[in-house]
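To start, the structure under review is shown below, and the notes come after it.
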Amino acid sequence: MILELEHRTHLPTRVGNYFVRIDDDGTIYAHQNAGEPARDADWTVDPAAARRGTLAKPRDTVERVLRKHGFFDLAPRYEAPATQGGVIRTLTYRDGEGVARTVTVDRARLPELDRLIQRLREALGLAEIPAG
């Protein structure tokens with residue numbers, strides 16, 4: 001895995017939660033819950049069935065976007081625990097050596113991460129994340 005992005009609510013519902021994953025071979029997986037998944041599942045589809053395409057030169061593309069938009073300058077965690085509800089966003093990048101760097105934003109606002117996620121989605125051709 002090169003990159004994984006998860007967006008999950010703290011609310012009792014899992015509607016609207018989404019993930020994006022890019023494997024080492026460039027395969028892109030993305031899915032957004034349009035309804036509630038089964039009680040023992042996080043997603044309404046099997047993540048392996050959420051294939052959305054293939055990215056040429058995936059590591060180069062992802063790393064270029066991450067560097068350009070400051071991912072490596074962000075702190076590992078931002079949190080606003082007093083906020084009720086909200087979402088937790090986790091973005092993990094795994095370099096060519098297998099070393100992971102994760103940034104988690106839990107119920108906090110971080111416009112830099114919002115912009116970074118938007119640019120990643122554009123680079124991946126995911127203007128919208130398919131729901132099901």
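Data table
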read-out	value
Complete set of residues in the stretch 26-51 that are assigned to a loop (DSSP other than H, G, I, E, B) and under 17 Å from residue 123 (Cβ atoms)	26
Within the stretch 107-122, considering residues that are among the basic types (Lys, Arg) and assigned to a helix (DSSP H, G or I), the one farthest from residue 10 (Cα to Cα)	119
Residues satisfying the stated conditions in the stretch 102-125, i.e. of a type in the set (Lys, Arg) and more than 24 Å from residue 52 (Cα to Cα)	107, 109
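Throughout, read-outs are computed from the coordinates displayed, never taken from laboratory work. All values reported here derive from a predicted model rather than from experimental measurement. Virtual Cβ from ideal backbone geometry, glycine too; neighbours counted across all protein chains shown.
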